[in-house]
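Data first, discussion second: the structure below is written as structure tokens.
The values are calculated or read from the model by the stated rules, or taken from the named source; none is laboratory data. Given the structure is predicted, the values throughout are model-derived calculations rather than measurements. FYI the Cβ positions are ideal-geometry reconstructions off the backbone, even for glycines, and counts take in every protein chain you see.
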Amino acid sequence: MAGLGDPDVLEIAAQHDRILITHDRRTMPGHFRDRLDSGKTSPGVFIVSQFEPIGSVVEVLMMVWSASDSAEWANQIRYLPSLSPHLFGR
């Protein structure tokens, strides 16, 4: 997906019914809001710091996957450290 704009990445994720996982804290939230404001839907977006250890990120994603249904995240944007601060040490 390198080289694609945020709206295109959000559209591809929606077409494939996939929650988008991104490091883009700067522009993705605005494009996500624009998408919802235009009447489109999204399976959801998880924003993860690029500075977190990948093992911790995978652990949180596995915890979310096993403890919830993907429909619970529809049209929501979440910052993963806020979901599990004990794993990220914050």
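Within the range 28-56, take every residue that is part of a helix (DSSP H, G or I) and within 12 Å of the chain's Cα centre (by Cα) and give me the one that is farthest from residue 13 (Cα to Cα).
Checked the range 28-56; the qualifying residue farthest from residue 13 (Cα to Cα) is 29.
Looking at the range 40-61, I want the residues that are within 14 Å of residue 25 (Cα to Cα) and surrounded by fewer than 19 Cβ atoms within 10 Å (Cβ to Cβ) and have a partner that is modelled with pLDDT of 90 or more and not charged (D, E, K, R) with Cβ atoms under 8 Å, at least 6 apart or on another chain. Which pairs are those?
As it stands, the answer is 49/23; 50/23, since those pairs meet every condition given.
Of all residues in the range 63-90, count the ones that are at pLDDT 85 or above, within 26 Å of residue 31 (Cα to Cα) and either over 14 Å from the mean Cα position of the chain (by Cα) or not acidic (Asp, Glu) (or both).
The qualifying residues number 13.
Please determine whether any residue of the range 35-48 is more than 18 Å from residue 7 (Cα to Cα) and either at pLDDT 95 or above or not polar (S, T, N, Q) (or both).
Yes: one or more hits.
Would a scan of the range 12-25 turn up a residue that is at pLDDT 95 or above, closer than 25 Å to residue 68 by Cα and touching a Lys or Arg at 6+ places or on another chain (Cβ under 9 Å)?
So far as the range 12-25 goes, yes, one or more of its residues are at pLDDT 95 or above, closer than 25 Å to residue 68 by Cα and touching a Lys or Arg at 6+ places or on another chain (Cβ under 9 Å).
Are any residues in the range 12-27 over 13 Å from residue 1 (Cβ atoms) and of a type outside the set (D, E, K, R), and if so, which ones?
Listed by number, the residues that qualify are 14, 19, 27.
Considering only residues of the range 18-32 that are free of Cβ contacts under 8 Å to residues at least 40 places away in the same chain and among the β-branched types (Val, Ile, Thr), which is surrounded by the fewest Cβ atoms within 10 Å (Cβ to Cβ)?
The qualifying residue surrounded by the fewest Cβ atoms within 10 Å (Cβ to Cβ) is 27.
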